[in-house]
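Colleague: Below is the structure I would like to discuss, written out as structure tokens.
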Amino acid sequence: GPDIYRLWSPPGAAVAVSVTGSSGVAAAAGLYRYLRDFCGCHLSWSGAQLRLPDPLPRLRAEIRAAAPGRYRYYQNVCAQSYSFAWWDWARWEREIDWMALSGINLAPAFAGQEAIWQRVYRSLGLNQSEIDKYFTGPAFLAWNRMGNLRRWAGPLPPAWHLKQLYLQYRIVERMRSLGMTTVLPAFAGHVPQGILRVFPRVNATRLGHWSHFDCTYSCIYLLDPEDPMFQVIGTLFLKELIKEFGTDHIYSADTFNEMTPLSSDPAYLSRVSNAIFRSMTGADPKALWLMQGWLFQHQPDFWQPAQVRALLHGVPLGRMIVLDLFAESKPVYQWTESFYGQPFIWCMLHNFGGNHGLFGTVEAINHGPFAARRFPNSTMVGTGLVPEGIEQNDMVYELMNELGWRQEPLDLPSWVTRYAERRYGAANAAAASAWRLLLRSVYNCTGVCVNHNRSPLVRRPSLHMDTELWYNASDVYEAWRLLLSAGTELGSSPTFLYDLVDVTRQAAQQLVSDYYLSIRQAFQSHALPELLTAGGVLGYDLLPELDSLLSSHRLFLLGRWLEDARAMATSDQEAEQYELNARNQVTLWGPSGNILDYANKQLGGLVLDYYSVRWSLFVSVLVESLNSGRPFHQDQFNQAVFQVERGFIYNKKRYPAMPTGDAMEISRKLFLKYYP
């Protein structure tokens with residue numbers, strides 16, 4: 001049944017408050033409710049504000065709360081690579097504790113699975129070189145696991161497997177000790193090419209290419225679900241995994257993530273899902289399959305009602321849980337009659353690629369879960385947070401976690417005013433006004449909203465760039481002014497400084513778009529002086545100043561991402577490989593810019609040595625075009641700028657992992673220069 005917690009103040013003065021819960025997670029959520037609502041505390045990825053009142057407040061009356069659904073789910077398979085790739089145990093432990101305090105009770109535990117797969121493949125007769133040609137490097141494992149990619153940025157060193165196994169033991173132990181249900185990976189049907197050498201009669205088909213990768217690094221083999229080896233491999237892997245880590249009986253598998261199935265025949269699709277489920281129950285008769293519902297909204301032309309129903313009904317009703325992954329913008333339950341009877345979790349995706357950028361759909365998430373529960377014959381069993389990358393937009397996640405325990409929507413302006421007070425540890429009228437402005441603008445995208453940062457700042461320059469905003473830019477500039485004015489009072493708060501940097505960064509991102517439009521207009525009007533002026537300000541002042549701002553805060557440093565990657569290594573060779581993985585993911589995303597800038601980040605070091613260099617080249621090429629009278633050719637520019645992009649990946653420069661400079665002073669300096 002649903003989780004329940006109870007808070008009360010026992011008679012006598014010795015204990016201010018007692019907390020009990022139906023599970024460790026429920027009790028932790030009750031504890032955070034007390035800290036948040038009665039002590040004015042705050043906990044998030046960007047920092048904690050835990051100044052407790054003395055004496056601790058007592059409760060006038062007992063508080064009982066029951067979660068409206070069975071599950072509060074967290075994690076996206078992509079976040080395993082975009083955010084968690086280089087985490088050590090200390091970082092994992094902090095995250096799991098945050099999960100418990102947030103009331104999250106269902107989450108994947110995916111670390112170390114490649115070590116188990118390697119064991120299985122070796123037992124089946126594959127050699128090490130065949131396995132090495134299959135696994136990607138660490139920063140791209142999420143897409144190897146879903147059958148999209150192979151080999152790219154690999155192979156995985158033996159030490160990687162050992163360290164990930166060690167992490168997984170601790171992750172599952174910690175999660176289970178707090179009462180969380182762990183989700184383990186299962187076999188989805190994808191196999192290395194070496195399987196065909198060992199079992200030449202096996203019925204496997206090569207899938208098509210994924211995204212902009214050709215078959216050098218994609219086109220993975222998919223076993224036919226009716227081939228006997230499907231059950232052999234699937235059951236063997238899961239038995240080995242359960243022997244190693246135990247089980248909570250929920251397993252994740254995604255066979256057709258952004259991949260078109262070989263046939264649209266409903267009978268075929270049912271056989272596939274049934275085969276995957278049988279490979280789970282062959283190892284664990286109590287198995288439940290947790291599946292991402294992303295495929296249904298990603299390829300709606302293929303996944304018509306008959307195909308969706310067939311895939312879902314290949315599994316007995318109630319033995320599958322579907323993540324309605326993008327429910328805040330593109331809910332699938334509405335056009336599938338609540339997933340044709342299979343239980344589902346209403347999820348907020350919110351973030352793509354781990355991009356920076358203020359964004360939210362607060363009205364959609366404040367009302368969406370309650371509408372889904374009221375839907376005719378609803379099979380909703382909980383809510384979920386499934387961002388592709390974390391450590392951004394703390395407010396949205398705090399809101400979603402609170403909604404997971406509520407029976408009705410919140411009054412958002414009142415809620416965000418209290419949020420600002422808790423986050424900074426003091427009431428401040430200017431800061432509260434800033435947050436209410438942000439709430440109604442950047443955080444209130446309506447309609448179909450995709451939070452993928454397409455700002456000219458973080459995209460390869462061209463004459464056809466998207467500068468549209470879903471909000472009024474002046475609201476962000478005014479919030480920036482208000483936060484700066486609150487700096488005297490709140491400047492000692494770490495969470496305030498983070499927000500000041502983040503809002504200043506957003507304002508600078510808007511300014512980059514303005515200068516881009518001036519550059520484009522000047523070029524198209526053949527106005528060389530104006531082009532030189534706008535291009536000069538952008539390349540020689542605004543972008544370097546933005547880089548200085550980001551370099552002043554620990555959480556906006558490229559060096560931290562790269563040093564975390566190097567810290568996972570056990571040799572210089574591994575350190576070089578892991579750093580190249582980390583650099584490639586946030587820039588080219590592939591050998592030749594295959595998914596260019598998808599995982600863009602605004603980080604000190606990256607802005608100056610990657611984005612700024614691209615913009616300087618773009619402006620100089622436009623100037624040369626006007627001077628020579630030769631037209632600008634995007635294809636030629638793309639070839640030239642690719643050398644700059646690739647050069648950044650291999651520049652071997654070590655970036656600082658510790659901040660430098662005064663964030664408040666740099667923000668004020670930018671404000672005095674650029675506030676419109």
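Colleague: Residue 376 is checked against (1) in a loop (DSSP other than H, G, I, E, B); (2) over 23 Å from the mean Cα position of the chain (by Cα); (3) in contact (Cβ under 8 Å) with a residue 40 or more places away in the chain and fails just one. What number does that condition carry?
Modeller: (3)
Colleague: In segment 34-60, how many are open to solvent by 60 Å² or more (accessible area, probe 1.4 Å) and either more than 15 Å from residue 493 (Cβ to Cβ) or in contact (Cβ under 8 Å) with a residue 60 or more places away in the chain (or both)?
Modeller: 9
Colleague: Now for a different question. Can you name the number of the only condition in (1) surrounded by 21 or more Cβ atoms within 10 Å (Cβ to Cβ); (2) in contact with a Pro (Cβ under 6 Å, 6 or more places away or on another chain) that residue 26 fails?
Modeller: (2) is the only condition that residue 26 fails.
Colleague: So which residues in segment 621-639 are over 13 Å from residue 462 (Cβ atoms) and either surrounded by 13 or more Cβ atoms within 10 Å (Cβ to Cβ) or touching a Ser or Thr at 6+ places or on another chain (Cβ under 8 Å) (or both), if there are any at all? Working first, answer last.
Modeller: Pass one, segment 621-639, residues over 13 Å from residue 462 (Cβ atoms): 623-631, 639.
Correct list: 623, 625, 626, 631.
Colleague: While we're on this one: So for segment 519-538 (the condition being out of contact with any strand residue (DSSP E or B) (no Cβ under 8 Å at 6 or more places or on another chain), within 16 Å of residue 393 (Cα to Cα) and not assigned by the TED database to the domain that holds residue 348), does at least one residue qualify? Show your work before the answer.
Modeller: From segment 519-538, those out of contact with any strand residue (DSSP E or B) (no Cβ under 8 Å at 6 or more places or on another chain) are 519-538; that's our starting set.
Now narrow it down to the ones that are within 16 Å of residue 393 (Cα to Cα): none.
No, that holds for no residue.
Colleague: Being open to solvent by 40 Å² or more (accessible area, probe 1.4 Å) and not hydroxyl-bearing (Ser, Thr, Tyr) is the filter here; which residues of segment 578-604 pass it? Quick ask: steps written out before the conclusion?
Modeller: At the first step, the residues of segment 578-604 found to be open to solvent by 40 Å² or more (accessible area, probe 1.4 Å) are 580, 591-592, 598.
Passing the criteria: 580, 591.
Colleague: Still on this structure, please answer the following. Which condition number in (1) open to solvent by 70 Å² or more (accessible area, probe 1.4 Å); (2) assigned to a helix (DSSP H, G or I) is the one that residue 522 fails?
Modeller: Exception for residue 522: condition (1).
Colleague: Tell me, please, whether a residue that is hydroxyl-bearing (Ser, Thr, Tyr) and part of a strand (DSSP E or B) can be found in segment 396-413.
Modeller: no
To keep it simple, each residue is scored yes or no on (1) touching a strand residue (DSSP E or B) at 6+ places or on another chain (Cβ under 7 Å); (2) surrounded by fewer than 16 Cβ atoms within 10 Å (Cβ to Cβ); (3) charged (D, E, K, R).
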| residue | (1), (2), (3) |
| --- | --- |
| 454 | no, no, yes |
| 464 | no, yes, no |
| 475 | no, no, yes |
| 498 | yes, no, no |
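Colleague: With in contact (Cβ under 8 Å) with a residue 12 or more places away in the chain and at positive phi as the only criterion, which of 153, 188 stands out?
Modeller: Going through 153, 188 in turn, just one is in contact (Cβ under 8 Å) with a residue 12 or more places away in the chain and at positive phi: 153.
Colleague: Of the conditions (1) touching a strand residue (DSSP E or B) at 6+ places or on another chain (Cβ under 7 Å); (2) on the phi < 0 side of the Ramachandran plot; (3) in contact (Cβ under 8 Å) with a residue 60 or more places away in the chain, residue 93 satisfies every one except a single condition; which number is it?
Modeller: (1) is the only condition that residue 93 fails.
Colleague: Let me ask you something else. Go over the candidates 119, 94, 151 one by one and state the one that is open to solvent by 10 Å² or more (accessible area, probe 1.4 Å) and either within 22 Å of residue 576 (Cα to Cα) or touching a His at 6+ places or on another chain (Cβ under 8 Å) (or both).
Modeller: 151 is the lone residue from the list that is open to solvent by 10 Å² or more (accessible area, probe 1.4 Å) and either within 22 Å of residue 576 (Cα to Cα) or touching a His at 6+ places or on another chain (Cβ under 8 Å) (or both).
The values are calculated or read from the model by the stated rules, or taken from the named source; none is laboratory data. Note that the structure is predicted; figures quoted are calculated from it, not measured. Reconstructed Cβ throughout: ideal geometry from the backbone, glycine too, with neighbour counts over all protein chains shown. Accessible surface is based on the protein model in full, side chains and every heavy atom, while ligands, DNA and RNA are left aside. Shrake-Rupley method; radii C 1.70, N 1.55, O 1.52, S 1.80 Å.
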